[in-house]
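Asker: The structure that follows is given in the form of C-alpha cells.
The values are calculated or read from the model by the stated rules, or taken from the named source; none is laboratory data. The model shown is predicted, which means the values in this text are computed figures rather than measured ones. Here the Cβ is made from the backbone with ideal geometry for all residues, glycine too, and neighbour counts use every protein chain on show.
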Amino acid sequence: MGLFGGNNKNTDENAPPSGSKPPHGRRLSQSMINTETGKFMSKLINESSYLSGTGETNTFDTAEAVAESDELMREMFFSIVKETAGEEMLNKIMDVYKISETFSESHSSGDFDKLKNTLDALKLDETLMLSSAYSNLLNLHNISEHVATSMEERHARLDDIPRGPAKTTNGAIKGMVASGMDPNAIYDALCNQHVDLVLTAHPTQALRQSLLKNYGKIRNNLINLQRFRLSRFEREEILESIRCCIHSAWRTDEIRRSPPTPQDEMRRGLTYFTNTIFAGVPRFMRRVDTSLLNHGLNRLPLERSIITFGSWMGGDRDGNPYVTATCTRDSVYLARLQATTLYFKAIEQLIFDLAMWRCSASFRKVVDDIVANRPHEEDSVVFEIRRGRNYTDFWKTIPENEPYRVLLGELRDKLYETMEQLQKVVADPSIELDLDDGSDRFIRCKEDLSGPLMHCYESLMECGDEQVANGYLLDVIRQVQCFGLNLVKLDIRQESDRHADAVDAITTHLGMGSYKEWSEEKKIEFLKSEIEGKRPLIPHQLECSDEVREVLDTFKMVAHIQKKVPGSLGTYVISMATSASDVLAVVLLQRECGGTLETSLRVAPLFERLDDLNDAPRVLRQLFSVECYMKTLRNNEQEVMIGYSDSGKDAGRLAAAWGLYEGQEKAGEVAKEFGVHLTLFHGRGGTVGRGGGPAHIAIMSQPGGTVNGSIRVTIQGEVIEQDFGERENCFHTLDLYTAAVLEHTLKPPEGPKPEWRVVMKKMSEASCKRYRSVVFENPDFVPYFAQSTPSTELGSLNIGSRPSKRKPNAGVTALRAIPWIFAWTQSRFQLPVWLGMSAAFAEIKAQEGELSTLREMHKKWPFFKVTMDLVEMVLAKADLNVVEYYEKTLVDERLRNGLGKELRNELMTTIDHVLEIADRRELLVNPESKIEVDGQQCPAQHQQLKNKLQMRSIYITPLNVIQSAYLKKQREIEEMEASNDSSFDELKYDPSLPWAQDMMKLHPSANAFKSAVNDTLIITIKGIASGLQNTG
C-alpha cells in the first residue's frame, strides 16, 4: 500500500504550523526532502530492484521495472494532487483507481457498474480534474514502459538477458557467418543497402510539445536512477527533479487551443534530430564498424550512408490546404538552418580536437592557398569580427603550423555566413536566398562540407594518425553523408486528381479539349509527345482555378528550391494513383515549370486502395513501356509507394494485407522484367489498422525478393516519439531497420506453399466481401459509427494541420484513415482491424482439414504469423464492457439492438477463431510462459504485452466511462445550439474548485458549462490515445 493508500494521512511532522511565516518572509519551499513524502519515496526506491541508485543490475525483469517506476511516479503524482487540489479530491481519484484496478482483474459487469456509478456521482469540475489526473497518470505510465524498453535493450546488448526474437545488425552478421555465408558478401550487401526513414506530419501525436519535453526530462532521470551508482543526495536531487517535472506537467494545459501550422510541425519534427538522431546515427554506425572489424572486415565506407532520413512535414499537401508552395519553401529553409547550426557546432568541436601540425603534402598546399588568400586586415580586426560572432574560441588568426585548424576555421566562417543568410530568409519570407553571389563565403552543397572533411581524414591517415582520423572527425563525416545540408529530404505529395485538373486546365485553354475526358491511351500519347517535344506548353496568361494555380506554383517552387538549395527535396509522391498517365503528368508538369532532367524529382505512384494495388503491376508495365519515361529514371531506379492505411479502410485488414503482399511480389516481377531496380516505399501508420507493428518482424514478413537492399518507410505521429524520443530507443530503431533489411536481402523468407496461397485468396475474398457489406452497403453503419464513436469530435483536438477529410462530404469514403482508426480505438471496439476476419476463418474451417492448414500457416509462414499476432494484440485491447456502455449511452436503441449486437457477436466469434488457430487458451497467453532463445529461457513476448495492457487499463477504463457520458452531454449542447433552444443559455456551471475556475478562462466559449464539457471530452480523448499507445 502506498503512502496515499487506505486511510493513511500525509502528516508532515517537519512542516511548520499552519499560518506560520518563515523568517525570510517568503513561502516555504515545497521540496520533498526531509518530509514524510520524501521519506516514503526514499523508502520506496531503497526497497526497489531497479530504482535504488546503486548502479545497473546484471539481470532485468521488464514487468517489475515498469511496476516500480509506475508506483514511484503515481505516488509522487498523488502527493502533488493533494498539495494543489486538496485531500478530498485526491481521495476521489484514489477511490476510482482502486475500483478500476479491481475491474481490470475481474472484468465483471458488476465491478464495471460500480466504477460507472462512482464516476457518475462526481460534479462537473471534479470530473474535469479526474480526467486530467488520469490522462497525466497514463502519460507517466508510458514513460515507465519506454524506460523499461530502453533498459531491456541495453541489458540484452550486455548479454545480461537473452535478446529474444528481436534482431540486431551484429546478431544478423554473426548468424549469417555462422550459417556459412561469405563474410565479404555480407559486407558488400551492407555497404550497398539503403534505409530511408521518412517522418510524416500525420496528426497522431496527441501530446503537446511542452508536455513531451517535460516527459523527456522524467525519462532521462529514471534512466539515471537505474543506470548509475548515486550518493544519497544525488538520488534525492533526481527525485526532486522528477517531481518538479510531474508538477509542471500537471499544471500545464494539456489541450492545444489552436491547430499547428505545417511549419510548426516541421519545427517539432526537427527537435528529434537535435535531441537524439543527429548524434545517434554516427553512434550506431560506429557500432556497426565494431561488428565488422570483429569479423575481420573493413569499416563502412565513408562515401555514402546506409541510413538517411526524409520528411513530409511541409511537403504533404494531399487534402491539406495549408501546405502551399510558400509553406514548402519555409520548411526547406527551416531544415537547412537547423542542419547548418548543428554542423557549425560540430566544426567548432573539431577545431579543438585537430591540433596536429603534421599533414600531407596535398593538404599543406590547400592550407598555403588559404593563408595566401587571407584578407590583409590587422589581427585585431579579425579578432573583433570573430568575437562579435560569439565563436567558442580561436578568435585570432590561426597560425600556419596548425593546418587542420586553418582549414576548419575557414569552414566555420562559411557556415556562420550561411547561417546568417538562412536566418534572414526564415525570418522574412520576402527575402530571397542568394548563396550564388560569386564569392566563396557560403556552403552551397554537401560537397562544400564533405570535401574538406574528407581531405582532413585522408591527410591524417597518410600521416599515421589513424586513431585521430577515426575519432570525432569520422562521426562528423558520417553525419554529413547521412543528413546532407538539410537533415531530411522533403518529399512532395499531392493527389492525382489535382494534377489531372492542372493538365485539363491547360488543354482546355489551348482549345485541345478536356484532358480529363480522354481515354488513358489518348492521355499517354499526348503526354509522351509533350515530354519528347521542346515547345513550352503552359500559356503565360493561363486562366485557371485557385487550386490549379497552387499546383503549378508548387511545381515552380520545386524547380526554384532545386536550383537554390540542391539536395533539399526527395520524392514526388502521387497519392490515389491509378494509371501510368498519373505519373507522366507529373513528369511533364515538372519540366514545364522549370525542372530539368537533372533537377526534376523522382516520381513515385502511391497505390492505396485494394483495386489499385491489384492493378499496380499492369500500370507499371504500361509505364515502363514508355521510352521517354525510362530515360528520366536515374540509375534505372523506380520508387513505388504502397498504402497500408486506405487499403485497410477500403477492404479490411486481412484483404488489404494479402493485397499488399501479392502487389509487392507482382510489382517486383514487372520491374525485373524491364531491368528496373524497384524500391518499395511502405506507408505504414502507428496502428495495426494502418500497417503498424514491430519494424523487424514487419520487414521480415515481406515477400522474398521485394527488399533487395533498399527500403523506404514512413514513421508517423506518436511512433516518432516512441522510436526517437530517447537515445537508446533511437539506437534500437536504427539497429532494427538495418538488421532487417540486411537479413531479408541475403536470407529472404521462403514463399508460401501453393495451397497456402489458395487459402489466403479465399479468406481475402470472404473477408473483403463481409467488410464492405457492413461498412459501405449497410445503411445503418454510418449513423452507428457516428453515434458510437467520437469521430465527429476529433477535429477539436488540434493535433495536426490537416483536415480529417480529403473532401467536405459525409461518409466513410471521404474520411481519412487516421480519424477512422482513431475513433474506433477510442471506443475500444477496434473494428477496422478484425471486421471480416470471422467470415474468412469460418469459410476455411468449414472445409475438412483446413484448420490444421491454418495452424501450419501460423507456425511456418512469417507473413501469416505476423498478421495473426498483430490482430491478436489489437483484440486484447478491445473491451466489450466498454463497447456496450458506449452503445447504451450514445446509440439509438434500434441500431444498438440491430447492427451493434451483430458486430459485438462478430467480435467474440473472431476472438474464438484467433484463439483456435493460434492454439491458445486466451488472448496473449501462450501455453508456455517462457520461450527458449539461444538456449536461454526468457518471458514470452505475448505475456509481457498482456501485463502491460492490464496495467494501462486501470487508467484507461475510467476515461472511457467519462468520455461516453460527456459525448452525450456535448451532443445535447450542440443540438440546443443548432435549434436555438433557449434552455442552452440557462445551463449554469459555477465551478467550486479554483483549478477548474482558472481552466475555464482558457476556453473560447463564454458558456462555462459548455467549456467544461468540451475540455473534459478532449482530455479523455488524449488520455485514451496515450494509454492505448495508438491513435491513428
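Asker: With respect to residue 103, is the statement that it is farther than 26 Å from residue 236 by Cβ, modelled with pLDDT of 90 or more and buried (at least 21 other Cβ atoms within 10 Å of the Cβ) true? Walk me through it before giving the result.
Answerer: On the way: farther than 26 Å from residue 236 by Cβ: yes; modelled with pLDDT of 90 or more: yes; buried (at least 21 other Cβ atoms within 10 Å of the Cβ): yes.
Yes, satisfied.
Asker: Sticking with this structure for a sec: Give the residues of segment 574-602 that are of a type outside the set (S, T, N, Q) and closer than 21 Å to residue 484 by Cα, sorted by residue number.
Answerer: Matches in segment 574-602: 598, 601, 602.
Asker: State whether one or more residues within segment 527-539 are within 30 Å of residue 327 (Cβ to Cβ), loosely packed, with under 13 Cβ neighbours inside 10 Å and touching a residue at least 12 places away in the same chain (Cβ under 8 Å).
Answerer: yes
Asker: Go through segment 177-200 and give me each residue that's in a helix (DSSP H, G or I) and of a type outside the set (S, T, N, Q).
Answerer: If the condition is that a residue be in a helix (DSSP H, G or I) and of a type outside the set (S, T, N, Q), then 177, 178, 183, 185, 186, 187, 188, 189, 190, 191 are the ones that fit.
Asker: When segment 108-124 is examined, which residues are found to be surrounded by 13 or more Cβ atoms within 10 Å (Cβ to Cβ) and either out of contact with any helix residue (DSSP H, G or I) (no Cβ under 6 Å at 6 or more places or on another chain) or free of Cβ contacts under 8 Å to residues at least 40 places away in the same chain (or both)?
Answerer: Across segment 108-124, the qualifying residues are 109, 111, 113, 114, 118, 122, 123.
Asker: For segment 704-723, state whether one or more residues are touching a residue at least 12 places away in the same chain (Cβ under 8 Å), basic (Lys, Arg) and in a helix (DSSP H, G or I).
Answerer: So far as segment 704-723 goes, no, none of its residues is touching a residue at least 12 places away in the same chain (Cβ under 8 Å), basic (Lys, Arg) and in a helix (DSSP H, G or I).
Asker: Inspect all residues belonging to segment 853-868 and state whether any of them is in a helix (DSSP H, G or I), of a type in the set (Phe, Trp, Tyr) and farther than 23 Å from residue 778 by Cα.
Answerer: Among the residues of segment 853-868, at least one is in a helix (DSSP H, G or I), of a type in the set (Phe, Trp, Tyr) and farther than 23 Å from residue 778 by Cα, which makes the answer yes.
Asker: Which of the numbered conditions does residue 71 fail, given that it passes all the others? Conditions: (1) assigned to a helix (DSSP H, G or I); (2) free of Cβ contacts under 8 Å to residues at least 60 places away in the same chain; (3) under 21 Å from residue 234 (Cα atoms).
Answerer: (2)
Asker: Within segment 457-539, which helices (runs of 4 or more DSSP H) (wholly inside it) include 2 or more residues that are at positive phi and outside the structural domain of residue 552 (by TED's automatic domain parsing)?
Answerer: Working: elements: 474-483, 496-509, 520-532.
In segment 457-539, there are no helices (runs of 4 or more DSSP H) which contain 2 or more residues that are at positive phi and outside the structural domain of residue 552 (by TED's automatic domain parsing).
Asker: Might you check whether a residue that is among the basic types (Lys, Arg) and under 24 Å from the mean Cα position of the chain (by Cα) occurs anywhere in segment 607-628?
Answerer: Looking through segment 607-628, at least one residue is among the basic types (Lys, Arg) and under 24 Å from the mean Cα position of the chain (by Cα).
Asker: Is there a residue being under 32 Å from the mean Cα position of the chain (by Cα) and hydroxyl-bearing (Ser, Thr, Tyr) anywhere in segment 62-72?
Answerer: yes
Asker: Given the options 587, 640, 626, name the one that is of a type in the set (Val, Ile, Thr), in contact with a Pro (Cβ under 9 Å, 6 or more places away or on another chain) and modelled with pLDDT of 95 or more.
Answerer: 640
Asker: Which residue pairs have Cβ atoms closer than 8 Å, lie 6 or more positions apart in sequence or on different chains, and pair a first residue in segment 82-96 that is closer than 14 Å to residue 250 by Cα with a second residue that is assigned to a helix (DSSP H, G or I) and of a type in the set (D, E, K, R)?
Answerer: Matching pairs, first to second residue: 90/82.
Asker: Continuing with the same structure: Return yes or no: is residue 313 outside any helix (DSSP H, G or I), in contact (Cβ under 8 Å) with a residue 24 or more places away in the chain and within 21 Å of the chain's Cα centre (by Cα)?
Answerer: yes
Asker: Residues of segment 881-897 being among the charged types (D, E, K, R) and surrounded by fewer than 21 Cβ atoms within 10 Å (Cβ to Cβ), which ones? Steps first, please.
Answerer: Taking segment 881-897 as the starting set, the residues that turn out to be among the charged types (D, E, K, R) are 884, 887-888, 892-894, 896.
Matches in segment 881-897: 884, 888, 892, 893, 894, 896.
Asker: Identify, by number, the condition in (1) at pLDDT 90 or above; (2) assigned to a loop (DSSP other than H, G, I, E, B) that residue 57 doesn't meet.
Answerer: Residue 57 satisfies every listed condition except (1).
Asker: Anything in segment 597-624 that is outside any helix (DSSP H, G or I), touching a residue at least 24 places away in the same chain (Cβ under 8 Å) and of a type outside the set (A, V, I, L, M, F, W, C)? List them, or say none.
Answerer: Those that are outside any helix (DSSP H, G or I), touching a residue at least 24 places away in the same chain (Cβ under 8 Å) and of a type outside the set (A, V, I, L, M, F, W, C): 599, 600, 602, 605, 608, 609.
Asker: Name the residue that is farthest from the chain's Cα centre (by Cα), counting only residues in segment 719-770 that are within 18 Å of residue 169 (Cα to Cα) and β-branched (Val, Ile, Thr).
Answerer: By that ranking, first place goes to 745.
Asker: How many of the residues making up segment 148-193 are in contact with an Asp or Glu (Cβ under 7 Å, 6 or more places away or on another chain) and under 20 Å from residue 289 (Cβ atoms)?
Answerer: Of the residues in that region, 6 qualify.
Asker: Looking only at segment 815-823, decide whether some residue is of a type outside the set (Gly, Ala, Ser), at pLDDT below 95, outside the structural domain of residue 659 (by TED's automatic domain parsing) and assigned to a loop (DSSP other than H, G, I, E, B).
Answerer: First pass over segment 815-823, keeping only residues of a type outside the set (Gly, Ala, Ser): 815-816, 818-822.
Adding the requirement that they be at pLDDT below 95 leaves 815-816, 818-822.
Filter once more, so that each one left must be outside the structural domain of residue 659 (by TED's automatic domain parsing): 815-816, 818-822.
Remaining after also requiring assigned to a loop (DSSP other than H, G, I, E, B): 816.
Checked against the condition, which is being of a type outside the set (Gly, Ala, Ser), at pLDDT below 95, outside the structural domain of residue 659 (by TED's automatic domain parsing) and assigned to a loop (DSSP other than H, G, I, E, B), segment 815-823 yields at least one hit.
Asker: Something else about it: Given the criterion more than 30 Å from residue 714 (Cβ to Cβ) and free of Cβ contacts under 8 Å to residues at least 24 places away in the same chain, identify the matching residue among 437, 448.
Answerer: After applying the criteria, what remains is 437.
Asker: State whether the residues of segment 726-747 include one that is outside any helix (DSSP H, G or I) and within 30 Å of residue 672 (Cα to Cα).
Answerer: Looking for residues that are outside any helix (DSSP H, G or I) and within 30 Å of residue 672 (Cα to Cα), one finds at least one in segment 726-747, hence yes.
Condition check ((1) of a type outside the set (Ser, Thr, Tyr); (2) crowded, with 18+ Cβ neighbours inside 10 Å) across all residues:
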site: 232; (1), (2): yes, no
site: 235; (1), (2): yes, yes
site: 243; (1), (2): yes, yes
site: 248; (1), (2): no, no
site: 269; (1), (2): yes, yes
site: 274; (1), (2): no, no
site: 279; (1), (2): yes, no
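Asker: Tally time: how many residues in segment 215-270 are acidic (Asp, Glu) and modelled with pLDDT under 90?
Answerer: Looking only at that region, the number is 5.
Asker: Considering only segment 445-485, how many residues are within 31 Å of the chain's Cα centre (by Cα) and surrounded by fewer than 18 Cβ atoms within 10 Å (Cβ to Cβ)?
Answerer: 4
Asker: OK, next. Within segment 78-92, which residues are among the polar types (S, T, N, Q) and in contact with a helix residue (DSSP H, G or I) (Cβ under 6 Å, 6 or more places away or on another chain)? Explain how you work it out, then say what you get.
Answerer: So the first thing to find is which residues in segment 78-92 are among the polar types (S, T, N, Q), and the list is 79, 84, 91.
79, the sole residue that qualifies.
Asker: Quick check on residue 771: is it more than 22 Å from residue 968 (Cβ to Cβ), at pLDDT 90 or above and in the same structural domain as residue 857 (by TED's automatic domain parsing)?
Answerer: yes
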